[in-house]
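Below is one structure, written out as structure tokens; the observations come after it.
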Amino acid sequence: MGHISDKIRHYNSTIPPEVQLVAVSKFHPAEAIMEAYNAGQRIFGESRTNELVSKASSLPNDIEWHFIGHLQTNKVRQILPYVTLIHSVDSERLLRTIDSESKRIGRKTDILLQLHVAQEDTKFGFSPDEIVSLTASGIFEELKNVTPTGVMGMASNTDDTSRVIEDFKAIKTTFDQLARSPMSSNIRFKTISMGMSGDYIEAINCGSTMVRIGSDIFGERDY
Ligand SMILES: *Cc1c(COP(=O)(O)O)cnc(C)c1O
């Protein structure tokens, strides 16, 4: 041990202060999370609902849990009491479910709209056009129990840095377009979640405000 806390300190001293670090702890045990916690880290990202619930119910209360994986509508109810931000809203149906389940338990849930710009066609998310028309449709005036606080996206999984940068720029451009209108009256719409272990520097250079780092902090995952 010692490696994880060194990494947390490394990120805190190198990423700009306006960029938040999400430590992606999926598939890693509670002890690894506690080492990061003891180094001051409070935001952790998980991608499986059962794992998030079991970790959140046994680890310190001041941890902010972010859900970053593909979320099925029938799992929303299970995780809602534990999450502070859902990064991966990739369909109108999921958005409506988060709203109605949030209403049911009397809360308002912060969400990010997931954009698909990468070349892989297996990735989830809205296209830039879909996200613009969904947001312009007035849906957020209708859904009172979700607050869109920004966008999330991934770059193509490639060694071609110019393609990665192109993807991040597309995410940033879409965010800017939404922020100008129809989100101009939503002062909380300010998060651009992009950048992982292999590409966070490019993401920050392209305007990321939140990076999601897993393997570089915790080591390789054993799936
Ligand atoms: C696993 C995961 C990450 C972290 O990826 P690393 O390459 O391990 O840093 C970030 N974002 C999402 C959506 C993930 O599923």
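Structural remarks
- Among the residues making up the range 174-211, those that are β-branched (Val, Ile, Thr) and either touching a residue at least 40 places away in the same chain (Cβ under 8 Å) or part of a loop (DSSP other than H, G, I, E, B) (or both) are Thr174, Ile187, Thr191, Ile192, Ile204, Thr209, Val211.
- The set of residues in the range 48-81 that are in a helix (DSSP H, G or I) and within 24 Å of Leu21 (Cβ to Cβ) comprises Thr49, Glu51, Leu52, Val53, Ser54, Lys55, Ala56, Ser57, Ser58, Ile79.
This table checks each residue for (1) at pLDDT 95 or above; (2) exposed (fewer than 15 other Cβ atoms within 10 Å of the Cβ).
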{"position": "Thr174", "(1), (2)": "yes, no"}
{"position": "Leu178", "(1), (2)": "yes, no"}
{"position": "Ser184", "(1), (2)": "no, yes"}
{"position": "Ile201", "(1), (2)": "yes, yes"}
{"position": "Val211", "(1), (2)": "yes, no"}
{"position": "Phe218", "(1), (2)": "yes, no"}
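- Filtering Glu51, Glu46, Glu101, Glu31 for residues that are farther than 27 Å from Ile204 by Cβ, within 16 Å of the ligand (Cβ to nearest atom) and of a type outside the set (Lys, Arg) leaves a single hit, Glu51.
- Criterion violated by Ile171 - all others in (1) touching a Gly at 6+ places or on another chain (Cβ under 8 Å); (2) within 27 Å of Ala39 (Cα to Cα) satisfied: (2)
- In the range 138-167, the residues that are over 21 Å from Asp90 (Cα atoms) and free of Cβ contacts under 8 Å to residues at least 40 places away in the same chain reach residues that are in a helix (DSSP H, G or I) and within 14 Å of the ligand (Cβ to nearest atom) with C-beta atoms within less than 7 angstrom, at least six apart or across chains, in these pairs: Thr158/Val164.
- Here Val24 does not fit the description of being surrounded by 21 or more Cβ atoms within 10 Å (Cβ to Cβ) and closer than 18 Å to Arg107 by Cα.
- Qualifying residues in the range 137-161 (those that are out of contact with any Asp or Glu (no Cβ under 8 Å at 6 or more places or on another chain) and polar (S, T, N, Q)) - the one surrounded by the most Cβ atoms within 10 Å (Cβ to Cβ): Thr158
- Exactly one residue out of Ile111, Ile131 is under 23 Å from Lys172 (Cα atoms), away from the ligand (no atom under 16 Å from the Cβ) and either loosely packed, with under 14 Cβ neighbours inside 10 Å or not aromatic (Phe, Trp, Tyr) (or both), and it is Ile131.
- Selection over the range 73-125 of residues that are basic (Lys, Arg), touching a strand residue (DSSP E or B) at 6+ places or on another chain (Cβ under 7 Å) and under 17 Å from Thr147 (Cβ atoms) gives a count of 1.
- Given (1) away from the ligand (no atom under 15 Å from the Cβ); (2) in contact (Cβ under 8 Å) with a residue 60 or more places away in the chain, index of the condition Asn38 fails: (2)
- Within the range 72-88, tally of residues that are under 21 Å from Pro128 (Cβ atoms) and without any contact (Cβ under 8 Å) to a residue 40 or more places away in the chain: 1
The values are calculated or read from the model by the stated rules, or taken from the named source; none is laboratory data. None of these values were measured; they are calculated from a predicted model. Methodologically, a virtual Cβ is constructed for each residue, glycine included, from the backbone with ideal geometry; neighbour enumeration extends over all protein chains shown.
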